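I have placed the structure first, in the form of structure tokens, so that the comments after it can refer back to it.
Derivation of every value follows stated rules applied to the coordinates shown; laboratory data play no part. These numbers were taken from a predicted model, which means no experiment stands behind them. With ideal geometry, Cβ positions are generated from the backbone for all residues, glycine too; neighbour counts draw on all protein chains shown.
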Amino acid sequence: MRLSSTWHRKLVELPPPPHRVGIYACGPTVYQRIHVGNARPFVLSLWLKRWLERRGYEVVLVENITDVNDKIYDAAPGDSARLAAQASDWYVEDTDLLGLGRPDVEPKATETIPEIVALIAELIASGHAYAVDGDVYFRVARFPAYGGLSRQKPDQMRDEEPNPRKEDPRDFALWKANKPGEDTSWESPWGRGRPGWHIECSAMAEKYLGPSFDIHMGGLDLVFPHHENEIAQSRAVGREFAHIWMHNGMLEFTGEKMSKSVGNVVTLRAAVEEWGRETLLLFFLTGHWRKPLDFSTETMAQARAQWTTFLNANVHAAGRTHDGPTWDEFVAVLDDDFNTPEALALMHEWRRARNLDLLGDALQLFGLAIAADEAPAVLEQLARRRLEARAAGDYAGADRLRAEIEAAGWDVRDEPGGYRLVPKR
């Protein structure tokens, strides 16, 4: 199994199974509903876990929830704890809609304060950090490898934590003194305050995976400063930390990165409600995880059309064969940097060859198993929209939706108070 590593700038081989693979994935900062772009790393981490387990590895996936952060304080001054708790629940509820299960451990920063304080104290004792007026900063100059992940030169690095009393503009905060209006804080040897963003992940990863683990995942936008700083903090005190660094490409919306700060977001819940979870998962399959992926009405409609062809193949199951690519070919493309577009192409070859055994196995891996007599969620959604169109007098629209359902191999039958979906035979 080979994976692209940002640190190495090449494909890196995992040790062969049986081997315990520790994966740490950076989860969201919770202060509102997550958008569909936030779902891409979540989906990728669950898919990778499933595949590695299928290949004989023991996998422990840790995916954190950042519930202490400047963005949360800014979003709810004086009430950040309530917002963080509510948004954490939203995150779990919304990602559950994808039907992929949960990571093995989902730690919160607020539950890891003792470990965070202990790691900061160790950095101070080793000379890699210093305290200023209740704040604690990491001494970048004491870590010569700083910039090794992002390949940024010192004069390219922006000052993330402006403070005239810092020794070096590049130094970043490990602990922040409590400020007026901040309702959550903890006691520490440097005064009451709360952790910086970067130290949270170093402490959570080590708590659950140990000082050395195989894979660290996250979006490409986290390379600098977040992951650069994680490496510095952990390796400065002798931890090997992560070996392979996987950074997924961004989801783009009309050519721009989908971002809460820009405001061009589609929430995950809204995307699932409009398109169905199966269409969304198939959409994620269409792009290699390292590349950007364009989210639009057109690309989602294309994904839904592909999903419809798989539904058709399953409903009209007569004439099954064992033709098409071998399972070993499928293994080869996923073992080569987890190439889901190539895997999807093989799945379509199985569909055309009516090799429904291998197709069904592959679909199930990605959370797309089809029950022959149970209508998929995307068709249930189309049937509900058809009812709404009829109620609004849009009979042409209702007919188009019926045709789309029928193209997927199902009949929609009107009944008192609703409808029933029946597979064609």
Practice problem: Measure off 7 Å from each Cα along the Cα-to-Cβ vector at residue 156 and residue 399, then give the distance between these two points in nanometres to one decimal. | Solution: 5.9 nm
Quiz prompt | the stretch 109-123-the stretch 140-156 distance, computed between alpha-carbon centres (Å) | solution = 24 Å
Quiz prompt | Karplus 3J(HN,Hα) series, Hz, for the stretch 396-407 with 6.51 cos²θ - 1.76 cosθ + 1.60 (x for Gly, Pro) | solution = 5, x, 5, 5, 5, 5, 4, 4, 5, 5, 5, 5
Quiz item: What's the angle, to the nearest 10 degrees (0 to 90), between helix 356-365's Cα axis and the longest principal axis of the chain?
Solution: 30 degrees
Quiz item: Once Rh is set to the Kirkwood radius over Cα pairs, what Stokes-Einstein translational diffusion coefficient, in µm²/s, holds for the stretch 2-248 at a temperature of 37 °C and a viscosity of 0.692 mPa s?
Solution: 176 µm²/s
Quiz item: So what J values fall out for the stretch 65-81 if you push phi through Karplus, 6.51 cos²θ - 1.76 cosθ + 1.60 with θ = phi - 60°, rounded to Hz, Gly and Pro as x?
Solution: 10, 7, 10, 9, 5, 4, 4, 6, 4, 5, 6, 9, x, x, 9, 5, 5
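Output the Kirkwood hydrodynamic radius of the stretch 377-423, Cα pairs only, in Å rounded to one decimal. Please list the in-between numbers first.
On the way: mean 1/r = 0.0964 Å⁻¹.
Mean inverse Cα-Cα distance, inverted, gives 10.4 Å.
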Quiz item: So for the pair residue 220, residue 352, with labels modelled 7 Å out along Cα→Cβ, what separation do we get in nm?
Solution: 3.0 nm
Quiz item: Using the beta-carbon distance between residue 312 and residue 8 and R0 = 60 Å, what value does 1/(1 + (r/R0)^6) give for FRET efficiency, to the nearest 0.05?
Solution: 0.90
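Using only alpha carbon pairs under 8 Å that are at least six residues apart, calculate the relative contact order of the stretch 82-213 and give it in whole percent. Each step should come with its number before you reach the end.
Values: 134 pairs, mean separation 32.2, N = 132.
Once normalised by length, the contact order is 24 percent.
FRET efficiency for residue 133 and residue 19, Cβ-Cβ distance as r, R0 = 56 Å, nearest 0.05?
Details: r = 47 Å, r/R0 = 0.83.
Between residue 133 and residue 19 the formula returns 0.75.
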Self-check item: Under the Karplus curve 6.51 cos²θ - 1.76 cosθ + 1.60, θ = phi - 60°, whole-Hz ³J(HN,Hα) for the stretch 28-44, x wherever Gly or Pro sits
Solution: x, 8, 9, 8, 6, 4, 6, 9, 5, x, 5, 6, 4, x, 4, 4, 4
Quiz item: When the Debye formula is applied to the Cα atoms of the stretch 1-146, each taken as the same point scatterer, what base-10 log of I(q)/I(0) results at q = 0.21 Å⁻¹?
Solution: -1.24
Self-check item: Binned Cα-Cα distance frequencies in the stretch 266-341 - 10 Å width, integer %
Solution: 16, 37, 35, 12, 0
Quiz item: For the stretch 327-425, what does the alpha-carbon gyration tensor say about shape, rounded, prolate or oblate, given a ≥ b ≥ c as the root eigenvalues, a/c under 1.5 as rounded, and a/b over b/c as prolate?
Solution: prolate
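What percent does the relative contact order of the stretch 377-423 come to when contacts are Cα pairs within less than 8 Å and at least six residues apart?
About 30 percent, as a whole number.
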Quiz prompt | Folded to 0 to 90 degrees: helix 113-125 orientation relative to the chain principal axis, Cα | solution = 40 degrees
Exercise. Could you grab the relative contact order for the chain? Cα pairs under 8 Å, six or more apart, rounded to a whole percent.
Key: 16 percent
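What value in Å³ per residue do you get for the convex hull of the alpha-carbon atoms in the chain?
Values: hull volume 63.9 nm³, N = 425.
It comes to 150 Å³ per residue, whole-number rounded.
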Self-check item: Zone residues, the stretch 93-132, relative to residue 167, backbone N less than 14 Å from point 7 Å out along Cα-to-Cβ
Solution: 123-132
Quiz item: Does the stretch 144-264 come out rounded, prolate or oblate by the C-alpha gyration tensor, with a ≥ b ≥ c the root eigenvalues, rounded set by a/c under 1.5 and, if not, prolate when a/b is larger than b/c and oblate if not?
Solution: rounded
Quiz item: For residue 179 and residue 92, what is the calculated FRET efficiency with R₀ set at 22 Å and r taken between the beta-carbons, to the nearest 0.05?
Solution: 0.15
Practice problem: Collect residues whose amide H, placed 1.01 Å from N in the peptide plane, falls under 5 Å from the amide H of residue 21; neighbours closer than 5 in sequence don't count. | Solution: 58, 59, 60
Quiz item: By how many degrees, 0 to 90 and rounded to 10, does the Cα axis of helix 197-209 deviate from the longest principal axis of the chain?
Solution: 70 degrees
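Given the DSSP H assignment, sum -39500 (n - 2.57) over each helix run of at least 4 residues in the chain and divide by its residue total; what's the result at 222 nm in deg cm²/dmol, nearest 500? Don't jump to the answer; show the numbers that get you there.
Numbers: 14 runs with 174 residues, N = 425.
When only DSSP H runs of four or more count, the value is -13000 deg cm²/dmol.
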Self-check item: Full-stretch length increase - residue 82, residue 145 - with 0.36 nm per residue and alpha-carbon distance subtracted
Solution: 18.8 nm
